[in-house]
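Encoded as structure tokens, the structure appears first; notes follow it.
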Number of protein chains: 2
Amino acid sequence: MELLAEHGYERLTVEGVAERAGVNKTTIYRWWPSKAALLGAALTCGAPLDLTAPDTGTLQGDLTELVRSLVRLLTLPPASDIAVAALGAAAGNPELAGHTRGFFADRLARELPVFERAAARGELSPDADPMLLMDLLAGAVWARAVFRGLPIEDDFPEHAVSTVLHGIARRR
Amino acid sequence: MELLAEHGYERLTVEGVAERAGVNKTTIYRWWPSKAALLGAALTCGAPLDLTAPDTGTLQGDLTELVRSLVRLLTLPPASDIAVAALGAAAGNPELAGHTRGFFADRLARELPVFERAAARGELSPDADPMLLMDLLAGAVWARAVFRGLPIEDDFPEHAVSTVLHGIARRR
């Protein structure tokens with residue numbers, strides 16, 4: 001992940017990883033058949049993009065904490081260099097995309113307890129879809145920070161969460 | 001944009017564009033100083049990623065149409081090859097990102113009438129933020145189609161729009 005952050009995905013090589021790690025490249029190939037597979041495993045299991053689901057006692061509090069984590073992940077180096085390089089590269093590379101999908105599936109599995117606790121507390125509409133909520137929230141952070149390249153204001157997490165929880169239609 | 005879809009951003013060259021267009025590359029450099037600038041202009045002004053804001057008579061209808069357009073843009077070739085390659089490359093390339101920002105600013109300006117008409121009809125909460133709504137909706141399509149690599153179900157646009165309009169908190 002250090003090499004990815006320094007050089008980008010195109011110039012990342014298994015040879016370079018072996019050299020930085022002080023092992024023979026055959027040792028790496030024994031476990032991961034390609035740099036895409038190696039990076040997919042590093043994203044899912046490595047410390048820089050780790051995620052601990054919050055448990056603040058309310059759905060609003062938990063989702064706001066999750067969005068704050070995503071903002072840090074996509075805006076603060078070194079995590080942001082790693083995440084933006086890996087996810088940007090995955091967009092144009094089907095093999096890498098196959099491996100980053102495992103990363104997203106793993107993170108959704110870790111986020112699910114937030115929604116299960118909210119349902120148990122009666123905070124969540126019965127037809128609410130956790131994957132859709134996470135795609136709206138995580139997608140919004142990506143769109144604002146990466147696509148628009150705008151700073152994320154301090155109240156962005158609260159506004160985004162409040163929108164998906166309560167909506168912005170005027171109450172009649 | 002054809003060359004981008006065929007070869008990806010790394011292998012796109014101004015020379016290749018000049019050859020495909022049947023002009024001298026100095027003609028291109030006279031107007032655009034780099035391939036990033038050229039691509040930024042092509043994304044903003046070109047037909048493949050064009051956007052016409054819908055006017056269905058309701059905010060729900062207009063936003064659902066906008067999300068359907070985004071789904072087509074990110075899942076149907078050739079537009080999806082162009083959009084995914086350009087936006088993926090922009091994530092790791094500050095110069096290109098500077099030019100794709102113009103693309104997003106242009107699209108938001110074209111989407112604003114949807115929100116102005118909704119406000120005039122009294123459908124929109126006064127503190128609703130059009131940029132946040134578009135980032136939630138467009139980001140969700142990107143997250144689902146590109147990051148998760150999942151098919152977009154037919155009811156995805158309606159569910160996503162319904163969530164940002166009405167929220168998923170259980171009504172007390």
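The values are calculated or read from the model by the stated rules, or taken from the named source; none is laboratory data. Model, not experiment: these values are computed from the prediction. Because the Cβ atoms are built from the backbone with ideal geometry, glycine has one as well, and the counts that use them run over all protein chains shown. Side chains included, ligands, DNA and RNA excluded: accessible areas come from the protein's heavy atoms. Shrake-Rupley method; radii C 1.70, N 1.55, O 1.52, S 1.80 Å.
Worth a mention:
- Label point of residue A:102 (7 Å along Cα→beta-carbon): distances to the other copies' equivalent points are 4.1 nm, sorted ascending.
- Average silhouette area of region B:32-126, convex hull of alpha-carbon atoms, in square nanometres: 6.8
- Each residue of region A:43-52 was assigned a 3J(HN,Hα) from its phi angle through the Karplus expression (A = 6.51, B = -1.76, C = 1.60, θ = phi - 60°), giving 5, 5, 9, x, 5, x, 9, 5, 9, 10 Hz with x at Gly and Pro.
- Counting only lysines at least 8 places from residue B:35 when in the same chain, those with an alpha carbon closer than 19 Å to its own are B:25.
- Each other copy holds its own label point for residue A:72; taking that point as 7 Å from Cα along Cα to Cβ, the gaps run 4.2 nm, nearest first.
- Distances in nm from residue A:45 to the matching label points in the other copies, shortest first (labels 7 Å along Cα to Cβ): 5.1
- Förster-model FRET efficiency, 25 Å R0, residue A:58 and residue B:171, C-beta, rounded to 0.05: 0.95
- Inter-centroid distance (Cα atoms) of region B:44-117 relative to region A:92-153, Å: 21
- Computed with a 1.4 Å probe on the full set of protein chains, the accessible area for residue A:45 sits at about 110 Å².
- Along region B:154-169 the Karplus relation, 6.51 cos²θ - 1.76 cosθ + 1.60 evaluated at θ = phi - 60°, assigns HN-Hα couplings of 4, 8, 4, x, 4, 5, 4, 5, 4, 5, 6, 7, 10, x, 10, 5 Hz to successive residues, with x for each Gly and Pro.
- Cα-Cα separations in chain A greater than 29 Å, expressed as whole percent: 28
- Listed peptides A:104-110, B:103-109 by packing density, highest first (mean Cβ within 10 Å): B:103-109, A:104-110
- Remark: mean inter-chain Cβ contacts per residue of B:128-138 equal 6, using a 10 Å Cβ-Cβ cutoff to other protein chain atoms.
- A simple rule links phi to the HN-Hα coupling: the Karplus curve 6.51 cos²θ - 1.76 cosθ + 1.60 with θ = phi - 60°, which for region B:67-84 gives 5, 4, 4, 5, 4, 4, 4, 9, 10, 9, x, x, 4, 5, 4, 5, 5, 5 Hz, with x for Gly and Pro.
- Normalising the Debye intensity of the protein assembly as shown to I(0), with uniform scatterers on Cα atoms only, and taking log10 at q = 0.11, 0.13, 0.14 Å⁻¹ returns -0.75, -1.03, -1.17.
- Residue of chain A whose Cβ sits closest to the axis mapping A onto B, with distance in whole Å: A:139, 1
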